[in-house]
1. Taking a virtual spin label 7 Å from the Cα of Glu61 along the C-beta vector, which residues in region 15-33 bring their backbone nitrogen under 11 Å of it?
2. In µm²/s, what is D for region 1-42 at 10 °C and 1.306 mPa s, where D = kT/(6 pi eta Rh) by Stokes-Einstein and Rh is the Kirkwood radius from Cα pairs?
3. Relative to a virtual label point 7 Å from the Cα of Arg119 in the Cα→beta-carbon direction, which members of region 84-101 show backbone nitrogen distances below 18 Å?
4. Can you list the equivalent-ellipsoid semi-axes of the chain, largest first and in whole Å, using the square root of 5 times each Cα gyration tensor eigenvalue?
5. With a Förster radius of 41 Å, plug the Cβ-Cβ distance of Lys27 and Asp100 into 1/(1 + (r/R0)^6) and report the FRET value to the nearest 0.05.
6. Please enumerate, by chain and number, the aspartates and glutamates with C-alpha under 13 Å from the C-alpha of Lys70, excluding those fewer than 8 residues away in the same chain.
7. Of all the Cα-Cα pairs you can form in region 29-80, what percent are over 15 Å apart?
8. Using a simple spin-label model with points 7 Å from Cα along the Cα→Cβ vector, what separation in nm is obtained for Asn35 and Arg134?
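What follows draws every value from the coordinates through simple rules; no lab data is involved. Note that the structure is predicted; figures quoted are calculated from it, not measured. Every residue, glycine among them, receives a Cβ derived from its backbone with ideal geometry; neighbour counts consider all protein chains shown.
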Amino acid sequence: MELVRLIYVSSVGAEFELSSFEEILYKAQQNNSGNEVTGILYFNQHYFLQYLEGSAVKVRETYNRIRQDKRHDDVRILDESNIDKRLFGGWSMAYILDSDFLTPLNLRFMDSPEFNPYRLNAQSANEIIVELRRVLPLAYLNSRDYGVPEL
Ligand code: FAD
């Protein structure tokens, strides 16, 4: 099986509502489990940064559905490459909500205390994803509450 990763950024769109993030996450976890797609979604009420990994066919199919979703727009791929192994095996879709805890990472990778993933390129996007994987448990604990249920 050809294993790939795909990283994209997008902005909250006209059809995004208060409950949308929870719905997106639920649907992502449901679909991705069946497709053996894993990854992480970082969200801060304005922007999304998503990392998808899995078989080339399933990741592409998933991305093609995602990019047509009217709950976000200005969808731009930062990286699409082959990988040797998964970073998020076991996570059908982990999520991270912005918080003060992540300010040092935002400063390091985006040169701003605010999360703005459009400032990333392929290399820095991959680097921040590795960092997010590393701090995932702590980031969950520090996430601002956007109405997402506790795990
Ligand atoms: P259904 O859930 O039946 O949806 C059918 C159509 O309706 C789709 O076009 C969908 O986009 C649209 N739709 C559904 N609910 C709403 C709503 N409340 N408002 C507006 N339009 C709506 N899906 C994944 O499978 N994996 C992911 O990792 C993933 N990540 C996502 C990340 C982001 C930032 C966003 C915005 C969406 C993500 N989605 C993901 C959802 C994806 O865009 C599709 O909605 C979903 O895959 C469609 O699932 P389905 O085929 O079961 O169709």
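1. From region 15-33, the list is 32.
2. 131 µm²/s
3. 97-101
4. 21, 18, 16
5. The value I calculate is 0.90.
6. Output for Lys70: Glu15, Glu17.
7. Of all Cα-Cα pairs in region 29-80, 47 percent lie more than 15 Å apart.
8. With each label placed 7 Å out from Cα toward Cβ, I get 3.0 nm.
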